[in-house]
Amino acid sequence: MSINEVFPNSTVQEVIFQIRFPNLFYMENKIGDLQLKIMKEFPQSALLFRRQLLFADIGPEGKLENIPSDSEKEAGKKIWQFKSNRNFQLNVLSDSLDITSQYHKTYNLEGGDKFRDIIKFVFDCFFEVTSIPIINRIGLRYIDECPIPAKDNSTFRLYYNSTFPLDRFNFADANEMDFKTVIRKREYYLRYIESLRKVGDEYKLILDFDGFAENIAPEDYLAVTDDLHTIISEEYERTIKEPVYQYMRQRKEG
């Protein structure tokens with residue numbers, strides 16, 4: 001079945017969109033212009049630094065001052081972070097840009113705030129202040145936390161079309177299970193991870209879908225993102241069964 005509704009109790013916990021591009025040395029000079037354009041949606045801002053750690057075995061006779069240093073690495077990467085009053089944020093680096101949301105529950109369906117609209121808003125503003133000839137990589141990632149009402153093989157199979165080897169390993173005896181694959185989907189790629197994890201006092205099935213494409217013309221970014229979303233949505237539909245749809249249609253208490 002095709003997902004055509006916005007669920008009040010969606011399994012989506014986090015969605016991330018990212019582009020990577022050649023390092024822009026002038027990014028710092030453009031941030032102010034970008035900030036003004038996005039300020040209405042992202043009023044909170046901060047400048048962060050991501051430092052790199054160096055692990056070195058200098059031996060018993062070695063001295064720390066003899067370890068060569070890289071001033072650029074010591075300074076770390078600058079991250080210009082912008083937050084919405086709703087639960088999503090934008091991070092801008094000199095060679096990448098990402099949007100992370102724990103708020104959005106639909107990509108483009110009517111009946112809810114669309115993650116696609118935020119992507120388009122941010123990148124329309126970004127392309128106005130920068131001129132990048134190529135996008136090295138586009139990634140769209142969904143992380144879902146799915147219910148396991150009873151930890152036994154029959155219930156789990158009722159809810160999911162899983163990749164776990166349940167004929168060999170009894171689900172009731174498992175503390176953790178993991179499956180990972182990276183596959184090609186036409187001109188795109190999908191990294192699929194399925195994990196059994198204990199969250200609080202309950203076991204959950206964590207589904208991690210990471211679709212990505214490489215070497216994209218900037219004008220094609222939204223069409224490519226739409227394709228990645230379709231690939232992820234189709235794989236999600238192959239994984240869950242009708243009881244999960246029923247679970248998502250139930251409104252949360254309070």
For region 116-180 and region 14-36, what is the separation of their C-alpha centers, rounded to whole Å?
25 Å
Would you work out the Kirkwood radius for region 75-156? I mean one over the mean of 1/r across all pairs of different Cα atoms, in Å.
15.6 Å
In degrees, nearest 10, range 0 to 90: what is the angle between the Cα axis of helix 221-239 and the longest Cα principal axis of the chain?
30 degrees
Expressed as an acute angle from 0 to 90° and rounded to the nearest 10, what is the orientation of the C-alpha long axis of helix 115-129 relative to the principal long axis of the chain?
10 degrees
From fewest to most C-beta neighbours within 10 Å, the residues Thr230, Thr225, Thr130, Thr11 line up as Thr230, Thr130, Thr11, Thr225
Efficiency of FRET from Cβ geometry, Ala174 and Ser131, R₀ 51 Å, rounded to 0.05:
0.50
Neighbour-count order for Ile118, Ile148, fewest beta carbons within 10 angstrom listed first
Ile148, Ile118
Could you work out the helix-only [θ] at 222 nm for the chain, with each DSSP H run of four or more residues adding -39,500 (n - 2.57) and the total divided by the number of residues, to the nearest 500 deg cm²/dmol?
-8000 deg cm²/dmol
Could you list Glu214, Glu235, Glu242 so that the one with the fewest beta carbons within 10 Å of its beta carbon is first and the one with the most is last?
Glu242, Glu214, Glu235
I want to verify a result. In a Gaussian network model of the chain, Cα cutoff 10 Å, which of these has the top mean-square fluctuation: Glu28, Glu219, Glu187?
Glu187
Residues in region 223-254 reached by a label modelled at Thr181 [backbone nitrogen below 15 Å; 7 Å Cα→Cβ]:
232, 234-240
Which log10 I(q)/I(0) values, to two decimals, does the chain give at q = 0.12, 0.13, 0.16 Å⁻¹ under the Debye formula with one point per Cα?
-0.84, -0.95, -1.20
Need one number: nm distance between label points at Asp167 and Lys78, each 7 Å from Cα along Cα→Cβ, rounded to one decimal.
5.8 nm
Report, to the nearest 10°, how far helix 27-38 tilts away from the longest principal axis of the Cα atoms in the chain, using its own Cα long axis and a range of 0 to 90°.
50 degrees
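Values quoted throughout were computed directly from the atomic coordinates according to the rules given, and no laboratory measurement underlies them. In this text, all values refer to a predicted model and were calculated from it rather than measured experimentally. A quick note on method: Cβ atoms are made from the backbone with ideal geometry, for glycine too, and the neighbour counts reach across all protein chains shown.
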